[in-house]
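The structure under discussion appears below in the form of structure tokens.
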Amino acid sequence: MTWEIVIGLEVHTQLSTNTKIFSGASTAFGAEPNTQADAVSIALPGVLPVLNKGAVERAIKFGLATGSHIAPRSVFARKNYFYPDLPKGYQISQFDLPVVGQGALTVQVEALSGNAKPYEKTVRITRAHLEEDAGKSMHGDFHGMTGIDLNRAGTPLLEIVSEPDMSSAAEAVAYAKALHTLVRWIGISDGNMQEGSFRCDVNVSVRKPGQPLGTRREIKNLNSFKFMQQAIDYEVQWQIDTIENGGTVHQATILFNPDTGETRAMRSKEDAHDYRYFPDPDLLPLEISSEWIEQVRATLPELPQAKQARYVNELGLSAYDASILTASREMADFFEAALGDATAQAKICANWIIGEVSAQLNRDGLDMTQCPITAQQLGGMLQRIADNTISNSGAKEVFRTMWAEGGEADAIIEANGLKQVSDSGAIEALVDEIIAGNAGKVAEYRSGKDKLFGFFVGLAMKASKGKANPAQLNDILKKKLEG
């Protein structure tokens, strides 16, 4: 039986403000439990919230980056529910009037099978609203009890809600990755998934083609793209099996256990009316002028999709190379700094960053910000490849030395005698010696054994200690052998 999969995401992004959304308490990660839980965070009687302007500007920036509507007037509401790490008994959020309205994000989806090609998918964004984060339950060594850390309470969140436009785990993961890249790219969040700065809730349902939407179950708090893929795949199969075996899927909030690879129900899923939303009486409506929006727009960097298009159209890179280089702003900045004005070398620069640099970073467990080679150092080495000072093999030796010990390419080339021999007279003399010493092989080559050409190249490179310019060597050798 054929089934359609329907997926929508709610992504909670902690915003990169220094202070909380409604108070001046610090948002720094890693402090001792409850040392950053101020009077507003723990809801002491008589305290009043004051909205953080920086959080609003980050929400506006996201809306502009996704072509979304920025509401000239939005309202904060109280979302009422009980949970141990929610001191007030309600969360300040937004309901029917969010700060960011409808927009969209177009993403590249990886091939689903060996024969399929990557494709573009546009996911509509329903809304993005500001709210405060809750605290955190600590299930650690508390003599069998759970502790509550309220440091996180009041940290500003932007909850980004999509339409149910995705029909596979691959599409959901591609969308989540694109969002993750975007919020880091425009500087509104550090996106640290291990620290909870970027958390995904995934709504999954299945239906027969042409039928109304099925009952959805919400997988909560996924902080890994790998786990998201596994959780969706398991949940989809569970729902299909349940229905085909005569069971019923009930709306629920569920958790994914990465150790077992299974989802399990946590509680029945609430609807909006269960939260008894009403406008927060302590906060005035948020009004955003067109002038304010334009001020924020002026701070936006070139966005990933625009940069990708420029790399393809102006630098001649492939769409694949452009997408890899713009996977993070740090990598794109590194590429452009290494390339400098040498735009003709864009392909070789891209190859080195996507290849050698990325591979070495992975081997050493580093990210782009920790790269021991600067973009300028790599650019200097690429210039020496372009002007034939060093060969590709020489460049790899320069790269290894630069990575381990630092230093500039020119100094490393000089110290290690890596300059390529490009003197045609010297190469001719070397070739003459090899031909004179291998008369039998020369005769075989000239009788039609073309594969012996590699034999002569190997002898010549060995004689030159690998320093002969390969292109010149091949050209001279061919002329001498065929002359």
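What follows draws every value from the coordinates through simple rules; no lab data is involved. Everything numeric in this text was worked out from a predicted model, so none of it was measured. So basically every Cβ, Gly included, is an ideal-geometry build from the backbone, and we count neighbours across all protein chains shown.
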Farthest positive-ward along the chain dipole, Cα basis, beta-carbon charges - from 84, 212, 26: 212
Can you compute the FRET efficiency between residue 264 and residue 108 using 1/(1 + (r/R0)^6), with r the Cβ-Cβ distance and R0 = 35 Å? Round to the nearest 0.05. 0.60
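So what's the back-of-envelope 222 nm ellipticity for the chain, counting only DSSP H runs of four-plus at -39500 (n - 2.57) apiece and dividing by all residues, rounded to 500?
Numbers: 16 runs with 181 residues, N = 483.
Computed ellipticity for the chain at 222 nm equals -11500 deg cm²/dmol.
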With r as the distance between the Cβ atoms of residue 396 and residue 369 and R0 = 25 Å, compute the FRET efficiency 1/(1 + (r/R0)^6) and round to 0.05. 0.55
Given 20/53; 226/396; 226/347; 61/220, which pairs have Cα atoms separated by over 22 Å? 226/396; 226/347; 61/220
Using label points projected 7 Å from each Cα along Cα→Cβ, tell me how many nm separate residue 43 and residue 330, to one decimal. 3.8 nm
Using a Förster distance of 25 Å, the FRET efficiency for residue 455-residue 416 (Cβ separation, nearest 0.05): 0.35
Cα-projected label distance for residue 297 with residue 318, points at 7 Å along beta-carbon direction, nm: 3.7 nm
Among (1) 104, 57, 54; (2) 96, 55, 53; (3) 62, 49, 49, find the value of Cα extents along the principal axes in Å that was calculated from the structure presented, and write down its label. (2)
Could you check the spin-label model distance between residue 341 and residue 29? Points 7 Å from the Cα along Cα→Cβ, value in nm. 4.1 nm
Fewest first, what order do 58, 267 take by the number of other Cβ atoms within 10 Å? 267, 58
Gain in length, residue 120 to residue 240, computed as 0.36 nm per residue apart minus the alpha-carbon separation, to one decimal in nm? 40.5 nm
Please arrange 320, 311, 275 by how many other C-beta atoms lie within 10 Å of their C-beta, fewest to most. 320, 275, 311
Taking the beta-carbon count within 10 Å as an exposure proxy, list 273, 69, 180, 129 from fewest neighbours to most. 273, 69, 180, 129
